[in-house]
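Just below is one structure, and these are the notes that go with it.
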């Protein structure tokens, strides 16, 4: 079975979501189904149909999260090397074309959020950056073509 790397924070977030679904969302939807049943004919009861669809989505998400948590390999990001980029590293890049700087972190698939500067370990950018050192230049194939970046800082905790 393939193990999926995840940071402690990412694992905690997945665990919090599954706890919320099981302890809050699931009981709420069960009550909604019971209430909708009391309204009569189920075949034309929009509240009942909606509640059953919502229940299916919640149960599917719970199952998905249980699988993700079961295959998660928690990576301790407190002892990362300071001389090269690895999973969990935070670093700053400079776009060679625009001189725009961006700070990123390589995280697990389920943690990635580009708005927060978190890129998936499976992304082309992360794959190109892993192993790079300070002042290294890297060319990344992006949907908009090749982009060149320079590693200008590797941020330690």
> Taking the range 27-60, which residues are in contact with a helix residue (DSSP H, G or I) (Cβ under 6 Å, 6 or more places away or on another chain) and either under 30 Å from residue 112 (Cβ atoms) or in a helix (DSSP H, G or I) (or both)?
Replying inline: 29, 32, 33, 36, 42, 47, 48, 51, 54, 55, 58
> From the residues in the range 1-26 that are loosely packed, with under 12 Cβ neighbours inside 10 Å and not in a helix (DSSP H, G or I), which one is farthest from the chain's Cα centre (by Cα)?
Replying inline: 1
> Is at least one residue of the range 113-126 surrounded by 17 or more Cβ atoms within 10 Å (Cβ to Cβ), more than 21 Å from residue 9 (Cα to Cα), within 24 Å of the chain's Cα centre (by Cα) and not assigned by TED's automatic domain parsing to the domain that holds residue 14?
Replying inline: yes
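The values are calculated or read from the model by the stated rules, or taken from the named source; none is laboratory data. Keep in mind the model is a prediction, meaning the values are calculated, not measured. Quick reminder, even Gly has a Cβ in these numbers, built from the backbone with ideal geometry, and neighbours come from all protein chains shown.
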